[in-house]
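The block underneath contains the structure these notes are about, expressed in structure tokens.
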Amino acid sequence: MSDLLDQPSKIRQGEELDLAKLKPYLHTQFPNETGDLAVRQFPSGHSNLTYSVQIGAREIILRRPPFGSKVKSAHDMSREFRVLAKLRIVYPPAPEVLAFCDDDSVLGSPFYLMQPIRGIILRKNLPPEINLAPEKARQLDASLIDNLIRLHQVDYAAAGLGDLGKPEGYLSRQVRGWIERYHNSKTHDYREVEKISSWLQENLPATQSTSLIHNDYKFDNVVLDPSDLTKIIGVLDWEMATLGDPLTDLGTTLSYWVDPTDPEELKQNLSDVTIQPGSLTRADVVQHYVSKTNCDASHMPFYLVFARFKLAVIVQQIFYRYQQGLTHDSRFAALPARVSALLHAAQSTIQTSRI
């Protein structure tokens with residue numbers, strides 16, 4: 001399994017770091033580390049950029065906002081650093097942060113440093129070397145949801161995170177905000193958008209509870225133990241963490257979850273990890289979550305529609321940056337197909353009320 005550890009690679013064009021300015025900063029933070037400086041980039045992910053910084057024998061992970069992004073609130077490095085510094089104490093899968101830099105003269109934007117978490121990350125396609133038996137696939141899915149429940153049960157006030165968000169009115173603000181973000185980044189005319197937008201605003205459920213939520217919890221944001229793939233040793237990408245309705249977090253996870261009966265366009269644009277033999281279905285996931293939390297999941301179709309719409313808008317924002325020439329990552333050229341697939345899926349959930 002060591003060959004399957006998540007590894008950095010060559011830095012994408014236009015996303016290079018200024019090593020001449022970075023090296024002196026690193027020496028002020030880690031004065032005992034000597035040797036050459038080498039930087040590589042983790043190629044996956046579509047938002048904040050993640051680099052492996054090797055200084056001498058030590059590896060450090062660097063996180064910074066994407067080049068060209070104008071949505072500052074979505075890439076608040078200071079906020080993400082503060083969340084992790086407090087969260088790590090009560091939720092060990094969170095990364096251990098080391099330093100925060102708000103001096104734009106170093107890299108042109110704020111960034112922070114953290115300890116690496118070495119393990120396996122399952123991305124869009126399950127590697128052929130990983131042969132999950134049906135029982136293991138089911139255990140892995142259950143472990144993913146159990147770890148989400150563990151996050152939702154964190155006493156965020158005791159952890160010093162009580163001021164992270166404004167729980168009152170969270171859901172209505174989110175719906176309005178994501179509709180606005182779509183129109184601010186519009187490049188195509190998707191006929192489903194207005195129907196979905198109206199339906200979401202007309203069908204807001206009452207929030208049952210408030211918890212700390214990750215807001216992008218999925219398989220390729222968790223790190224698995226190479227010796228036991230059913231064990232989660234890390235959770236990454238906390239840029240959207242806040243206080244809010246925990247069912248929005250479950251909905252987000254479901255929006256990335258593919259069932260065997262889903263349309264091909266959805267399967268092609270999301271991970272195939274959840275359609276391995278033995279895997280939980282979306283309905284199974286909800287049942288598992290309810291069995292451990294006793295929550296009322298009768299409005300889960302709403303949360304899934306909202307999550308799919310939100311994910312479509314996030315993808316749309318990334319494509320907008322690409323179309324405007326603010327980023328040159330060639331992966332982004334095909335994103336409209338993903339936006340379309342997510343909107344179709346959201347509309348289907350509205351029509352059928354099925355998870």
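The values are calculated or read from the model by the stated rules, or taken from the named source; none is laboratory data. Worth saying up front: this structure is predicted, and the values here are computed from it rather than measured. Cβ: placed from backbone, ideal geometry, glycine included. Neighbour counts: every protein chain shown. Heavy atoms of the whole protein, side chains included, go into the accessibility calculation; ligands, DNA and RNA do not. Shrake-Rupley method; radii C 1.70, N 1.55, O 1.52, S 1.80 Å.
Data overview
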| read-out | value |
| --- | --- |
| Whole-Å semi-axes of region 260-351's equivalent ellipsoid (Cα gyration tensor) | 29, 16, 12 |
| With every protein chain in place, the chain: carbon and sulfur % of accessible area (1.4 Å) | 48 percent |
| Choice from T261, T50, T281 with maximal GNM fluctuation in the chain (Cα, 10 Å cutoff) | T261 |
| MRE, 222 nm, helices only [DSSP H, n ≥ 4, -39500 (n - 2.57), over the chain, to nearest 500] | -13000 deg cm²/dmol |
| In degrees, nearest ten, helix 134-152 long axis to first principal axis of the chain (Cα) | 80 degrees |
| Residue (of Y289, Q323, L335) at the positive-pole extreme of region 277-355, dipole from beta-carbon charges | Q323 |
| Cross-link table K86/K124; K136/K218; K86/K136, entries beyond 27 Å C-alpha to C-alpha | K86/K124; K86/K136 |
| Of G160, Q139, G108, farthest towards positive along the dipole that unit charges on Lys, Arg, Asp, Glu beta carbons give region 90-224 | Q139 |
| Isotropic mean projected area of the C-alpha convex hull, region 171-254 (nm²) | 7.2 nm² |
| In Å², nearest 10: area of K186 left accessible to a 1.4 Å probe | 90 Å² |
| Distance histogram in 10 Å bins (all Cα pairs of region 1-144, percent per bin) | 9, 36, 34, 16, 4, 0 |
| Under 28 Å from the Cα of K21 - lysines, other chains or at least 8 residues apart | K10, K70, K72 |
| Electrostatic dipole magnitude of the chain [Cβ: Lys, Arg +1; Asp, Glu -1; Cα centre; debye, to 20] | 460 debye |
| Angle in degrees between helix 77-90 and the longest Cα principal axis of the chain, rounded to the nearest 10 | 80 degrees |
| Longest to shortest principal axis, alpha-carbon extents of region 1-60, angstrom | 32, 31, 16 |
| Spatially proximal aspartates and glutamates relative to K23 (Cα-Cα < 19 Å; intrachain offsets below 8 disregarded) | E15, E33, D36, E59, D102, D103, D104 |
| Solvent accessible area, Å² - H152, 1.4 Å probe, full protein context | 20 Å² |
| Average accessible surface area per residue within the chain, 1.4 Å rolling probe, Å² | 45 Å² |
| Cα long-axis angle, helix 246-255 against the chain (0 to 90 degrees, to the nearest 10) | 90 degrees |
| Binned Cα-Cα distance frequencies in the chain - 10 Å width, integer % | 5, 24, 34, 27, 9, 1, 0 |
| Listed residue (P277, M300, I233) projecting farthest to the positive dipole end of region 220-355, Cβ model | M300 |
| Amide H contacts of G234 (H built 1.01 Å from N, under 5 Å, at least 5 apart or other chain) | V223 |
